[in-house]
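Structure first, then comments.
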Amino acid sequence: MKSTILTIFLLVAAVFVLPFLMSPFLVYMITEVLIMGIFAMSLGLIMGFGGLHSLGHSAFFGLGAYTVVVLSQMVSSIYVLLLVAILIACAFAFVTGLIAIRSKGIFFLMLTFAFTQMLYLIFSQSGYWGGADGLGTSIKPNLGFVELTSPLSLFYLIGGFFILSYLLLRLFVNSPLGTGLQGVMENENRMIALGYNVRNYKVIAYIVAGGFAGLAGGLYAFKTQFASPDLFGVHMAATVIIMVYIGGMGTLFGPVLGAGIYIFLQNYVSTMTDRWSLIMGLIFIALVLFNRGGALHLIQLLIGKVSSYKLNVAKSKGVSLNELAKNKGTE
Amino acid sequence: MDFFIINTLSGLTYGMLLFLMASGLSIVFGLMRVINLAHGSFYLLGSYIAYAFVHNGFNFWLALILATVIVMVLGLIIERLLISRIHGNETAQILLTVGLIFVIGDITLWIWGGNFLSIPVPDLLSATIQVGESQFPAYRLFVILMGVFFAALLWFFENKTHVGMIVRAGVDDMEMVGALGFNIKVIFSAVFIFGAGLAALGGVLGGPILGMYPLMEFEILINALIIVLIGGLGSWKGAFIGAVLIGIIDAFGKIYIPSVSMLIIFGIMVIVLVIKPSGLFGEVEA
């Protein structure tokens, strides 16, 4: 509990102080990092704590963004817009989750991928909502008492949502529901034997993750004022997986770190060459071949928490006891 | 009536191209439990390489063989160097093969640019065939025959040869096959490059019909994934049925209900998976 309060305090302080220390461009980029951070955290929840590897998480993000853009033609309140965005994402997660969660591993992955591609086709081929070109809006976050127009106020707004999301997800992970979910990931059969309804745990986690991804998508629409079918694309789905993977699975903050590393790297490389896609592909491959637990684990290792690092690796990657014993033996 | 026959034939043509692509994906998964999302990139690479050969004055048939062989060699390198190191780790497989999609896609964009390209139909098959009042290109008929030929070849291979027997056993229990003294690594590599070769062949054959353009690999991949999900992973029969089904729905859907033809395919997939999660002919449990 003490550490939670400390973390929140640090996060609030960091979000508050950052704009005073950095250039407007950096603040703008960190705004994006925070949005993608919420998105990546939500995927990190089901991947790192639930063992559900989804290649369709961008569905919820895209739905959130489209909801805000489409509804902004009628409604201007940010509360209504974001709430509906979250609810629609949750509803889609519920329906697809019920079908997809029956399958495991690769099958789950391909089903989530197929559902997302279905949305991509609907949004890009239908005559509504701008078709393949996407749809723009001029909505500004309207809190009821004040309308936020400057980039800085947008940063604080998104910073606020980020901290709130982190807090809620942390609560979820530490709740009986969250620990049950981890139990399912680690040993599903034992959880079944203990009398847990495994499917409910997975579906609930999937819905929660979908809701937060919808929130991220909604905030993204406020930032970019635009929603396009590309939000459902495989590029987006793969990008968010790589963010989780860069940062490290099995932690909440790892994916955020991954989002930061990814976005800054992308911006840096894009200024030098057009071949970002090629470089990103090579990074994926290199990460798979050489990554051992993600950036956050690397930092923990550097700080010297070697023992907790080992434990985390064992948790997140499912290292067998034999392997752990072997590692111990070599040291 | 002519209209009906022509459209069925068009659907079969597309279906056969998808079959060449999806069967490799399915067999590789069935045997190795490796999902190769870059399989669509093999298709694309096949058609681009064949285009390059034809463009430089090579004969279509020579280009077909050369492109297929080059992609098979590339498949061997990828399998040995990358895929073989990540057996059993699903996240790693996804990331690595998605990475390969981006790498191959960007390299083809780099070399061949972003314009729509197409391979000219070989002279030998440039004629059309009379179907009642209408005409049907001979080349498309040839593609259908090639699809049927490879389906027959796969059947023969699976049921009548020694290698097919090992592969069938491997789908059931690879460890046991290894324990019986067969070299699993060689079998894996062989099956993988065979699948890559089939995809490349599909790419070359599809070149004169579908053409090639950036991000095409995703379209092909999605269709192939749906096919293997409907048909069931691990069996070429499922891939064949699924591919024919999707090809024909695609051909008629585009005429009668253009905006939702893709949705019907997704609908069928969802229904099949709700009733039978492992697909129609699935030999691998979901």
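Over the alpha-carbon set of segment B:162-205, divide Rg by the Kirkwood Rh and report the Rg/Rh ratio to two decimals.
Result for segment B:162-205 is an Rg/Rh of 1.10.
Quickly rank A:12-22, A:227-237, A:77-87 as a protection proxy: mean count of other C-beta atoms within 10 Å, highest first.
Peptide ranking by packing, descending: A:227-237, A:77-87, A:12-22.
List the relative contact order of chain B as a percent without decimals, with contacts defined as Cα pairs under 8 Å and 6+ residues apart.
Normalised by residue count, the contact order of chain B is 38 percent.
Would you calculate, for chain B, the mean residue ellipticity at 222 nm contributed by helices, counting each DSSP H stretch of 4 or more residues as -39,500 (n - 2.57) and dividing by all residues, to the nearest 500?
For chain B, the value works out to -25500 deg cm²/dmol.
Using a Gaussian network model of chain A whose springs link C-alpha atoms within less than 10 Å, name the residue from A:L194, A:L168, A:L11 with the highest mean-square fluctuation.
A:L194
I'd like the orientation of helix A:306-317 relative to chain A: the angle between its Cα long axis and the longest Cα principal axis, in ° from 0 to 90, rounded to 10.
Taking Cα atoms only, the helix is inclined about 70 degrees.
If we count every other residue with Cβ under 15 angstrom of A:G97's Cβ, Lys/Arg +1 and Asp/Glu -1, where does the sum land?
Charge balance in the 15 Å sphere: +4.
Given Cα pairs under 8 Å that are at least 6 residues apart, what percent is the relative contact order of chain A?
It comes to 30 percent, rounded to a whole number.
Could you work out, residue by residue across A:106-116, how many beta carbons of other chains sit within 10 Å of that residue's beta carbon, and then give the average as an integer?
6
Students often get this wrong, so check it: of A:K104/B:K254; B:K237/B:K276; A:K104/B:K160; A:K104/A:K202, which have C-alpha atoms separated by over 23 Å?
Checking Cα-Cα distances, A:K104/B:K254; A:K104/B:K160 exceed 23 Å.
Mind pulling the angle between the C-alpha long axis of helix B:2-32 and the longest principal axis of chain B? Nearest 10 degrees, somewhere in 0 to 90.
20 degrees
Mind giving me the FRET efficiency for A:L289 and B:N183? R0 is 22 Å, r the Cβ-Cβ distance, nearest 0.05 is fine.
About 0.35, to the nearest 0.05.
Under 15 Å from the Cβ of B:S47, count the other residues' Cβ atoms, weight Lys and Arg +1, Asp and Glu -1, and hand me the total.
Counting the neighbours of B:S47, the net charge comes to -2.
For chain A, what does -39500 (n - 2.57) per DSSP helix run (n ≥ 4), summed and divided by total residues, give at 222 nm, in deg cm²/dmol to the nearest 500?
When only DSSP H runs of four or more count, the value is -24500 deg cm²/dmol.
When the Cα atoms of chain B are enclosed in a convex hull and the volume is divided per residue, what value in Å³ results?
136 Å³
Mind computing the radius of gyration and Dmax over the alpha-carbon atoms of chain A? Å is fine for both.
Spelled out, the Cα radius of gyration and Dmax of chain A are 19.8, 65 Å.
Peptides B:37-48, A:239-250, B:91-102: what's the order by average Cβ count within 10 Å, highest mean first?
Most protected by this proxy first, the peptides run B:37-48, A:239-250, B:91-102.
Please provide three numbers in whole Å: the alpha-carbon extents of the protein assembly as shown along the principal axes, with the largest listed first.
76, 62, 50
Quick one: dipole size for chain A, taken about the Cα centre, charges +1 on Lys/Arg Cβ and -1 on Asp/Glu Cβ, in debye to the nearest 20.
Using Cβ point charges on Lys, Arg, Asp and Glu, chain A gives about 920 debye.
Looking at the square roots a ≥ b ≥ c of the eigenvalues of the Cα gyration tensor of segment B:180-277, which shape do they give, rounded for a/c under 1.5, prolate if a/b is larger than b/c, or oblate?
It is oblate, given that a/c is not under 1.5 and a/b is not larger than b/c.
Angle, helix A:78-100 long axis vs. longest principal axis of chain A, Cα atoms, 0 to 90°, nearest 10?
50 degrees
Bear in mind these aren't lab numbers, they're just calculated from the coordinates by the rules spelled out. This one's a predicted model, so the numbers in the text were calculated from it and none came from an experiment. Here the Cβ is made from the backbone with ideal geometry for all residues, glycine too, and neighbour counts use every protein chain on show.
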